[in-house]
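Right, one structure below, let's go through it.
Only the coordinates and a few stated rules stand behind these numbers; no lab work does. Note that this is a predicted model, so its numbers are computed, not measured. Quick reminder, even Gly has a Cβ in these numbers, built from the backbone with ideal geometry, and neighbours come from all protein chains shown.
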Ligand SMILES: [Mn+2]
């Protein structure tokens, strides 16, 4: 819920009755953190919408056709901000996720699409990011679940969106807007995340 249009985004997800898990950026909005952006988003949302965000769960369990029992969480079932990537070792990811009674985990946090099978048989899917992808090309990245994992890429007018964000009187960092206009290469972003893991 952190970004240039928190109210519009929340209204859209409510219109479609989306099931949502809370991520670290959402948590920071509720806590009014994140260098001014969280507080600004919280003010835009107002107390009633903010209460809805504060009520979002850390995990969701879904039964998805052919995928089986799917656990959805922003990072792990217990914490919204540990970093792991598509190249983090199976052992480390399994240790972070803990023992789960699920066939698949759908996660977020690193903004890069991947689909991998861990050595314990668990399928791990990151559907990618709509709002801030690091995919080396412009657009919104997401995935359709069931019967398989169908990665999607939706193009939109990124230059117009960047101009609209810049026209807002908001604390959205120019660096974030630049990520939309000139997207990070996913391999470089993955390497950067891995270096943060070791830090
Ligand atoms: Mn995150």
- Task: Quick one, can you get me the convex hull of the C-alpha atoms of the stretch 66-199 expressed as volume per residue in Å³?
- Result: 116 Å³
- Placing each pseudo-label 7 Å from Cα in the direction of the beta carbon, residue 52 and residue 118 end up separated by a distance in nanometres of 3.3 nm
- GNM of the chain, Cα pairs under 10 angstrom: of 139, 35, 23, the biggest fluctuation goes to 35
- Message: If you average the C-alpha positions of the stretch 130-148 and of the stretch 65-92 separately, how far apart do those two centres end up, in angstrom?
- Response: 16 Å
- Task: Out of all DSSP beta bridges with both ends in the chain, state the antiparallel percent to the nearest 5.
- Result: 75 percent
- Message: Quick check on the exposure proxy: order 170, 195 from fewest to most C-beta atoms within 10 angstrom.
- Response: 195, 170
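Summing -39500 (n - 2.57) over the DSSP H runs of n ≥ 4 in the chain and dividing by its residue number, what mean residue ellipticity at 222 nm do you reach, to the nearest 500 deg cm²/dmol?
Value at 222 nm, helices only, nearest 500: -11000 deg cm²/dmol.
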- Task: Under a 10 Å cutoff between Cα atoms, tell me which one of 168, 97, 60 has the largest fluctuation in the Gaussian network model of the chain.
- Result: 168
- Projected area averaged over all directions for the convex hull of the alpha carbon atoms of the stretch 1-57, nm², comes out at 3.3 nm²
